[in-house]
Amino acid sequence: MKLNIIYTGYKNYEHKLRVHIILISMLLVLAGIVLAVVPPPPANQNMGIYDTLFVDFNESKCRDCHASDVPDSHHNLVPTGEFGCTNCHPVLPNGSGITMIRDCLQCHNTTFNGMAIGKPHHESSGALSGHCKSCHGSVVDNYDDGHYIPTYAPSSMTPDTKFKVVNQTSGRKWGGCESCHEENLNASPFIAFNNKSHHRLGNLSGFINNDNTKCAMCHDFHNATYGSDSIRYCERCHGTNSLHNIQWDITNTASLSGYGHLGPNDCQGCHASYVAGSLAPGSDLIVPTIYSLSAKKVIEGQTTVMNISGDDFVTTVDGITRSSIIAITDGINNINLTPTNITHNGIIVTIPSLNDGLYGIYALKDGNMESNRKPLVSMPPVIINSAIINSTIVTITGSGFGTYDIAYRNWTNVTINNASRQVQITGWSDTLINVTSTDAVAGDTATVNSIYGSNSAPVT
Ligand code: HEC
Ligand code: HEC
Ligand code: HEC
Ligand code: HEC
Ligand code: HEC
Ligand code: HEC
Ligand code: HEC
Ligand code: HEC
């Protein structure tokens with residue numbers, strides 16, 4: 001292909017770029033989000049995390065990933081002894097009730113009820129130690145995993161952090177990340193430019209407390225051999241292999257431009273002067289993506305059949321087929337699970353019983369290619385083994401009862417025969433509840449409403 005190119009010094013580049021986007025009249029419904037499928041710029045938002053800023057992640061965005069698990073991931077913290085109901089649901093001063101705040105951002109990244117609650121994700125140990133892959137998956141590399149970073153001086157083929165040249169006829173930029181990853185202020189939420197998406201990561205980026213030591217994660221010194229915005233530094237996380245393995249829906253888009261890094265004209269996007277003769281080196285694995293899980297929580301002691309929808313779980317490149325398994329991690333230990341069924345777009349897998357807590361779940365392809373990660377919560381079931389009445393005392397044994405606080409009696413309590421019997425709670429532990437009742441009789445139904453859920457059993 002012949003390109004009509006003029007070289008411009010991008011630092012003087014001021015004219016407003018006009019881009020002619022060819023709209024393909026096709027809409028995709030993915031994970032409930034409607035995305036227009038258009039070639040970049042700006043790049044589509046099918047893979048990885050939506051390229052916007054944390055401030056634009058409102059409650060509903062949080063719930064896209066943290067869905068039905070939200071009460072449980074909080075209530076799982078109660079048995080650790082670190083938090084009681086009143087920490088998160090303070091009793092109103094006049095005793096008329098309790099607070100029930102559901103908007104994540106009224107607590108996370110701020111101070112609530114005297115608790116300074118950190119901004120999530122980028123203050124986690126994974127992020128602070130520079131291991132971005134632990135949540136973002138193999139669309140990025142970890143800086144210390146020994147991946148290949150060229151040591152030769154950047155050449156005309158080496159991508160720029162922004163771009164190298166502009167095609168006079170089309171106005172398209174070529175030769176760097178900005179040729180496709182541009183901002184779009186009309187998108188909702190808006191697509192941020194790369195400096196913004198990387199600079200607004202809380203303390204991680206060093207802009208909050210003017211901590212210049214943090215800049216070195218992504219930039220070299222101004223007077224360094226290749227300057228402060230050398231691509232060599234970006235390559236600590238965006239190595240050749242991870243970049244050459246980003247392609248959305250390769251089965252259907254391999255021959256189209258603009259769906260990732262491997263389409264027929266996409267090479268020039270990064271390598272302005274380069275015309276591809278073959279597949280990019282290392283581009284045989286293709287990063288898988290998870291869009292959604294059929295269940296965001298599992299119950300301790302039970303197996304769960306999970307349907308996982310996504311993309312590129314199985315791919316065939318150059319005649320070689322690579323497949324994924326599912327991995328679950330608590331941050332320390334991993335469990336690998338073989339799918340019972342797998343296609344390009346879906347996996348069915350049986351999740352074994354997990355101890356209660358917060359986990360991450362991801363697809364693991366060919367042993368080392370990780371998808372993005374989704375949160376998964378395991379919570380205890382409410383089990384009643386027996387509810388025995390002896391005169392006016394009903395003794396309920398089982399598990400998953402959590403804790404009791406009279407201020408929260410509208411939610412955590414015991415009722416007998418749909419609350420038609422008189423009930424007074426005299427003792428409550430995770431496995432044993434004592435109740436006195438003047439009118440309960442054998443044959444009634446006792447119901448335990450714990451923070452983990454409800455269950456009923458006959459009184460005997
Ligand atoms: C670490 C903070 C935290 C603690 C501790 C906590 N909660 Fe919650 N709780 C929440 C949050 C946050 C929600 C809102 C979840 C949502 O909207 O999805 C919630 C929701 C609830 C709900 C409503 C559930 C629903 O789905 O409508 C009840 C009832 C509740 N909590 C009771 C309790 C009780 C009782 C305790 C103490 C045993 C307790 N909580 C301890 C944070 C907490
Ligand atoms: C009432 C305050 C409050 C609200 C509202 C709240 N959280 Fe939390 N959340 C906490 C506290 C306190 C913790 C524990 C301390 C921490 O993580 O810094 C926590 C912890 C968590 C955890 C980690 C649980 C674990 O096992 O370590 C997740 C996940 C979470 N919150 C997600 C959310 C999401 C998503 C929302 C909104 C849908 C939300 N929270 C709303 C107070 C809140
Ligand atoms: C793109 C998916 C995604 C979105 C959106 C998301 N989270 Fe998370 N969140 C995760 C994953 C993945 C983890 C890590 C789970 C694991 O491996 O333990 C996590 C962990 C957390 C934790 C516990 C660890 C930590 O870093 O403190 C909190 C708290 C949390 N999220 C809150 C939120 C809040 C609040 C929002 C909205 C501002 C939000 N999340 C939006 C995916 C997401
Ligand atoms: C605990 C999980 C977690 C870890 C570890 C993590 N991230 Fe993120 N990251 C998220 C989530 C969830 C979002 C979206 C919500 C938000 O901004 O918090 C996000 C958003 C981003 C974005 C903006 C969105 C985009 O597509 O441009 C960038 C850039 C980013 N992270 C960079 C990093 C870097 C750099 C590291 C490692 C130093 C890192 N992250 C580690 C979970 C994580
Ligand atoms: C030829 C156009 C093009 C160029 C040039 C390009 N990208 Fe991409 N990139 C894409 C497309 C298209 C996707 C897939 C977007 C989607 O569907 O979510 C993508 C996805 C990504 C992703 C994963 C998802 C996301 O949006 O975060 C990363 C990381 C990424 N590119 C980094 C880079 C870096 C670093 C450079 C410069 C060295 C670069 N890209 C240059 C087109 C391009
Ligand atoms: C997580 C990675 C990351 C960190 C940390 C980071 N940057 Fe950046 N920075 C980027 C990216 C990506 C760009 C956009 C690429 C470019 O403009 O060359 C950028 C661009 C810039 C630019 C050029 C802006 C422009 O539009 O021309 C400056 C100046 C800059 N960063 C300064 C800093 C300073 C100062 C710090 C520390 C306080 C810092 N950066 C920390 C990733 C980062
Ligand atoms: C410390 C690791 C790290 C470094 C260094 C880094 N990035 Fe990123 N970059 C990320 C993560 C994480 C994402 C988000 C991937 C996702 O969407 O899940 C990202 C995403 C991107 C994207 C996709 C669009 C977007 O804004 O999300 C581009 C383009 C990009 N980076 C360019 C750069 C450039 C240019 C540099 C060097 C100036 C750089 N990055 C340095 C971790 C890094
Ligand atoms: C998202 C940006 C991006 C895209 C798109 C891309 N590459 Fe690359 N490629 C890189 C980077 C970064 C390097 C390292 C070059 C450097 O730093 O000098 C590289 C290196 C290479 C190399 C040299 C490998 C080596 O050993 O150093 C070849 C050959 C190559 N790419 C071919 C391709 C082909 C063919 C395509 C299109 C099918 C392609 N690339 C698309 C970013 C990209």
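The table below gives the values:
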read-out: Rounded if a/c under 1.5, otherwise prolate or oblate - the stretch 327-401, Cα gyration tensor axes; value: prolate
read-out: Helix-only CD estimate at 222 nm, as mean residue ellipticity for the chain, using -39500 (n - 2.57) per DSSP H run (n ≥ 4); value: -2000 deg cm²/dmol
read-out: Å² of accessible area per residue within the stretch 289-379, as computed with a 1.4 Å probe and no ligands counted; value: 42 Å²
read-out: Surface per residue (accessible, 1.4 Å probe) for the stretch 383-458, Å²; value: 50 Å²
read-out: Value of D in µm² per second that Stokes-Einstein yields for the stretch 69-120, Kirkwood Rh from Cα pairs, at 20 °C (1.002 mPa s); value: 180 µm²/s
read-out: Accessible area per residue in Å² at 1.4 Å probe, computed on the stretch 69-120; value: 58 Å²
read-out: Kirkwood-based shape ratio for the stretch 117-213, expressed as Rg/Rh from alpha carbons; value: 1.02
read-out: Under DSSP loop assignment and at most 12 Cβ neighbours within 10 Å, longest GluC sites (Glu not before Pro)-free interval of the chain; value: 83-460
read-out: Projected label distance in nm at residue 344 and residue 212, using a 7 Å step from Cα toward the beta-carbon; value: 5.1 nm
read-out: Along each principal axis, Cα extent of the stretch 364-417, largest first, Å; value: 64, 26, 18
read-out: Overall dimensions of the chain by Cα: Rg and Dmax, Å; value: 27.1, 94
read-out: Efficiency of FRET from Cβ geometry, residue 53 and residue 302, R₀ 56 Å, rounded to 0.05; value: 0.90
read-out: Between the stretch 286-332 and the stretch 80-115, the Cα center-to-center distance that results, in Å; value: 35 Å
read-out: Cα-projected label distance for residue 425 with residue 96, points at 7 Å along beta-carbon direction, nm; value: 2.4 nm
read-out: Cut-off 14 Å between beta-carbons: net charge of the residues surrounding residue 449, Lys and Arg +1, Asp and Glu -1; value: 0
read-out: Residue 316 versus residue 115: modelled label distance in nm, points set 7 Å from Cα along the beta carbon direction; value: 5.2 nm
read-out: Portion, in percent, of the accessible area of the chain that falls on carbon or sulfur, probe 1.4 Å; value: 55 percent
read-out: Estimated FRET transfer efficiency when R0 is 30 angstrom, pair residue 441-residue 411 (beta carbons, to 0.05); value: 0.70
read-out: Between the stretch 367-411 and the stretch 125-186, the alpha-carbon center distance in angstrom; value: 47 Å
read-out: Shape call, the stretch 289-379: gyration tensor on alpha carbons, a/c limit 1.5; value: prolate
read-out: With eigenvalues of the C-alpha gyration tensor scaled by 5 and rooted, the stretch 52-162, Å; value: 41, 15, 12
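The values are calculated or read from the model by the stated rules, or taken from the named source; none is laboratory data. Owing to the predicted nature of the structure, the values given are computational and were not obtained by experimental measurement. Note that each Cβ is placed from the backbone with ideal geometry, even for glycine, and that neighbours are counted across all protein chains shown. For the accessible areas, the whole protein counts, side chains as well, though only heavy atoms, and no ligand, DNA or RNA atoms are used. Shrake-Rupley method; radii C 1.70, N 1.55, O 1.52, S 1.80 Å.
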